[in-house]
C-alpha cells in the first residue's frame, strides 16, 4: 500500500484501540470523523477515524491571556508564528495487511513518531466496502459515538463521490445495530444526511 499525501502529524501515544496524533499545522488537522492511516509493524496499515481535536495552550498563552488588552500584533504573532500544540485522538477501526482489510483491532498499535496520513478516496472506498466498523464506533465507550458515526458516514459518502447506495446501506446497518434504541437511531439518521 502506498500513500499519495503528505503526513498530517505523528503518533504521540497509542494503544490497540486508539492513538493520539500530534499536529503542527491547524490547516492540515484531520477533521472530526475523517479517515486516517498509520503504518505499524510488519507492513500493517492501521485505519481510524478522528474523534477529538484538542488545541492546547502553552506557557506564553497562559501569560498573555490574563492581559485585558492584548495587542493585536501579539495575538497575530501567536496564531501565525508559534507552534500551537494540537492533538487529535483517533479511534482504531481496523487495519490492512497484504491488500486485505480487516475491520477489527490490529495485532499491535503503531509506534510513537510514526507518520499519520489522511486516507485517499480509494482507500476510504475500499475500507467502507463492508460496514462492520460501524459497530466499533457505536459501541466504544467514552467517545461521542453518535456524532462520530454520523460524521464518519458523511465523510465516507463524500469520499465515495456521493455514493447514495453506501449511505442507504450505512443507515440500514445502523438501524440493525440500534434496533432497540429508536430515539438514538432517529437522531443518528437525521445527522447522516449530507
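Every number in this text was worked out from the coordinates using simple rules, so none of it is lab data. Quantities reported herein were computed from a predicted structural model and do not represent experimental measurements.
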- Item | Translational D in µm²/s for the stretch 88-182 (Stokes-Einstein at 25 °C, 0.890 mPa s, Kirkwood Rh from C-alpha pairs) | 170
- Query: So what is the relative contact order of the chain, in percent, for Cα pairs below 8 Å that sit 6 or more residues apart?
  - Reply: 26
- Task: With everything on Cα atoms, drop me the angle between helix 145-159 and the longest principal axis of the chain, reported from 0 to 90° to the nearest 10.
- Result: 80
- Item | Listed residues 94, 129, 171, most fluctuating in the chain (Gaussian network, C-alpha, under 10 Å) | 129
- P(r), alpha carbons of the stretch 34-73 - 10 Å bins starting at zero, rounded %: 21, 26, 17, 22, 12, 2
- Rounded to whole Å and ordered largest first, report the semi-axes of the equivalent ellipsoid of the stretch 48-138 derived from its Cα gyration tensor (root of 5λ). 39, 13, 13
- In 5 Å bins starting at 0, how do the alpha-carbon pair distances of the stretch 1-64 split up by percent? 3, 14, 26, 24, 15, 9, 5, 3, 1, 0
- Query: Between the helical axis of 72-81 and the dominant principal axis of the chain, each derived from Cα atoms, what acute angle in degrees is found, rounded to the nearest 10?
  - Reply: 50
- Query: What's the Kirkwood radius of the chain in Å, using all Cα pairs?
  - Reply: 17.9
- Note to self, the chain gives a 222 nm [θ] from helices alone (DSSP H runs n ≥ 4, -39500 (n - 2.57) apiece, / all residues, nearest 500) of -10500 deg cm²/dmol
